[in-house]
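Undergrad: Next up is a structure, given as C-alpha cells.
What follows is calculated from the coordinates using simple rules that are stated; it is not laboratory data. From a predicted model like this one, the values you see are computed outputs, not experimental measurements. Quick reminder, even Gly has a Cβ in these numbers, built from the backbone with ideal geometry, and neighbours come from all protein chains shown.
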Amino acid sequence: MARIIIIGRNFTSRLGMIRAIGEDNSENEIIVIKTNGDKPDIDAYSKYISSYVYAREPNRSLLIETIQRFQLPEEKSIIIPVDDYSASVVDEYADVLKKDFMFPHIEMSAGAINQLMDKSYQKAIATTVGLKVANGVVIHLEDGLFQIPDTISFPCFPKPLVSYTGNKTCMRCCRNRDELELTLASFSQKFPNCSILVEEYIKIDKEYATLGFSDGEKVIIPGMIQILQDGRGHHKGVTLLGRVLPEDGFVSFLNDLKKLILETHFVGLFDIDSYDSGGVMHFNELNLRFGASGYAFTGSGVNLPAKMIRYFLGLPYNMEDSINKATLFLNEKVAYEDTIEGYLSPFKYKRLLNNNDLHFIKNQLDSNPFDMFIAGQKHFLKPLAKYTLRCLKLR
C-alpha cells in the first residue's frame, strides 16, 4: 500500500486519476487536494479516497504546506499533479519536497519542468527529433502593453506561451494585424503580464492527443486519441467527445514523440497535443501532467498512472502495453456545461450520456460521483431556450 496525493482544480482530471489508482490497488491511500475552492466536488464521493482537503490557488506556499501535512515518518508518499498549476508548484518546490515525497521530475532539478512548459522551448526540441511544428513568434505583455513584430505573417493563431499563466481566451485565428491587436488587448486586461506565442495558422484536418509515461529510460505511448468534438463554452478547446485508437497508422509519429520525451529527461505522466494537416502530423504542445483524457486510456485497458506508481515503489511494471481496439468516450462535464450555456441541445446531451463506450464520470465500479453529478444538474428549460436562440442567430 502507498500514500498517494492527487492535486488539481478540475474534478474530472482528479476523478480519472483517483480511479486509475484505486482500480489498480484499492488498498492505496488516496489523498485529494482541491485547488479551486473550499467545497467538495463530485470526486469527493469516490469510494477510493481517504482524505479530501483544500489549498486554494494561487497561494503556492499554502499548497506546499498542505502537501507536507501528509508526509509519512518512514516512507515517501507519491505526489501526482493533474494540471499545469499544481505541476508547476511541485516542480518549483522540488528541493523542499524530495526528502519526503516522490513526484514527476526532470533529474530532480527544481524549475526544470517549468522551463519545459515554455511552448517555444518545446518546439525547439521537437524539431531536433524530426517533428513538424508551426512557426511562431513570442510577444511579451508588460503591464498590458505590447508590440507586434513586423515578422508575423497572417492569418495567425495566438496562445499563452506557458499554459498556467493564462487561459484560452486569446486562442483564435486572427486574419490581420487589427484582429491580433484587438485579441491581445482584450487578453491583456485580465493577464497584463504574460507572454504570448503567435503561431502561423495551419489548417487542421484532424486533431489528436496522446498520453504516456516515461521512467527516464523508456517511454510508453500505447495509442492515440482522435478529438471528435471540443467544448465551445466555458471549456472551449477541451475535449468533449473523442475516440481512443490503436497505434496502427501512427507508429512512426509516436516513435518521434518518444524521442522527444527522452530528449527532455522527464520522468512521469504526460500528454501531447498534435494534429494532421494535409496528411502530415504536426506536434502542437507537451503537457507535463495527466489531464482528464487520461482516463480514456485507463478505461481502454492501459493504466499508465499505475505504471508510474509501481516505478516509484520499485515494483515491476510493463512498458509494452498497447491499445487493442477503438473506443468512443465522453467527457460529461464539458458536455453538460456546453448544454447549460446553450451550445448543445439537452436532447443531444441525453443521447451522448447513453451512447458511448466509455465515460469520465459514469462508472459502474464507482457510481457515487455520477449520482452526485446527475443530482446537481439544473432544469433544462432555460438551456433549451438558450440553445434555440443561438440556433436562430446562426441562421
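Undergrad: If you rank R175, R390, R232 by fewest surrounding Cβ atoms within 10 Å, what's the result?
TA: So the ranking, lowest neighbour count to highest, is R175, R390, R232.
Undergrad: Right, something else. Rounded to the nearest 0.05, what FRET efficiency is calculated for E74 and N355 with R0 set to 51 Å and r the Cβ-Cβ distance? Provide the component values of the computation, followed by the final result.
TA: Details: r = 50 Å, r/R0 = 0.98.
Efficiency at R0 = 51 Å is approximately 0.55.
Undergrad: For D100 and E27, what is the calculated FRET efficiency with R₀ set at 22 Å and r taken between the beta-carbons, to the nearest 0.05?
TA: For R0 = 22 Å, the calculated efficiency reads 0.55.
Undergrad: Could you compute the FRET efficiency for T151 and N255, with r as their C-beta to C-beta distance and R0 at 25 Å, rounded to 0.05?
TA: 0.15
Undergrad: Region 206-389: percent of C-alpha pairs farther apart than 26 Å?
TA: Cα-Cα pairs in region 206-389 separated by more than 26 Å: 36 percent.
Undergrad: Further, regarding this structure: Near A124, within a Cβ-to-Cβ distance under 11 Å, what is the net charge of the other residues, with Lys and Arg +1 and Asp and Glu -1? Mind dumping the intermediate values first?
TA: Numbers: positive: K119, K123; negative: D118, E263.
Residues close to A124 contribute a combined charge of 0.
Undergrad: Any aspartates and glutamates with Cα under 15 Å of the K325 Cα? List them, leaving off those in the same chain fewer than 8 positions away.
TA: Leaving aside aspartates and glutamates fewer than 8 places away in the same chain, those within reach of K325 are E247, D248, D357.
Undergrad: Let me ask something additional. What is the sum of charges around L180, taking Lys and Arg as +1, Asp and Glu as -1, for the other residues whose C-beta is under 13 Å from the C-beta of L180?
TA: Here the charged neighbours net out to -2.
Undergrad: Quick one: Debye curve from the C-alpha atoms of region 3-115, no solvent, what's log10 I(q)/I(0) at q = 0.15, 0.21 Å⁻¹?
TA: With no solvent term, the Cα-only Debye profile gives -0.59, -1.16.
Undergrad: I would also like to ask the following. Using all alpha carbons of region 183-289, what is the percent of pairwise distances in each 10 Å bin, ordered from the shortest bin to the longest?
TA: Bins of 10 Å from zero give 13, 38, 33, 15, 2 percent of pairs.
Undergrad: If we count other beta carbons within 10 Å of each Cβ, what is the order of K218, K258, fewest first?
TA: By the 10 Å Cβ count, ascending: K218, K258.
Undergrad: Ranked by Cβ crowding within 10 angstrom, fewest neighbours first, how are D338, D83, D118, D95 ordered? Mind dumping the intermediate values first?
TA: On the way: D338 27, D83 23, D118 15, D95 11.
Ordered from fewest to most neighbouring Cβ atoms within 10 Å, D338, D83, D118, D95 come out as D95, D118, D83, D338.
Undergrad: Give the long-range amide H neighbours of K34: residues separated by 5 or more places, or on another chain, with amide H under 5 Å away, using H modelled in the peptide plane at 1.01 Å from N.
TA: Under 5 Å from the amide H of K34: V53, Y54, A55.
Undergrad: Same structure, new question: In region 218-245, which residues have a backbone nitrogen under 14 Å from the label point lying 7 Å from D276's Cα in the Cα-to-Cβ direction?
TA: 224-228, 243-245
Undergrad: Where in the chain are the DSSP H helices whose C-alpha atoms run 15 Å or more along the long axis and whose mean Kyte hydropathy is at least -1.0?
TA: Helices meeting the criterion: 11-24, 177-190, 251-264, 381-394.
Undergrad: Counting only residues 5 or more places away or on other chains, whose amide H sits under 5 Å from the amide H of L240 once H atoms are built in the peptide plane?
TA: Q229, D230, G231
Undergrad: Go through K258/K307; K159/K190; K333/K362; K159/K333; K206/K333; K350/K386 and tell me which ones have a Cα-Cα distance over 19 Å in this structure. Present the calculation step by step, with values, prior to reporting the outcome.
TA: Details: K258/K307 16 Å; K159/K190 14 Å; K333/K362 11 Å; K159/K333 24 Å; K206/K333 23 Å; K350/K386 17 Å.
From K258/K307; K159/K190; K333/K362; K159/K333; K206/K333; K350/K386, over 19 Å: K159/K333; K206/K333.
Undergrad: Could you work out which residue, out of L141, L288, L241, moves most in a Gaussian network model of the chain, that is, has the largest mean-square fluctuation with Cα springs under 10 Å?
TA: Maximum fluctuation in the GNM of the chain, among the listed residues, is at L141.
Undergrad: Evaluate the relative contact order of the chain (contact order divided by residue number), counting alpha-carbon pairs under 8 angstrom at least 6 apart; express in whole percent. Walk me through the intermediate numbers first.
TA: On the way: 786 pairs, mean separation 64.1, N = 395.
Reported as a whole number, the value is 16 percent.
Undergrad: To continue, here is another question. Looking only at E200, E181, E337, which one moves most when the chain is put into a Gaussian network model with springs between Cα atoms under 10 Å?
TA: E181
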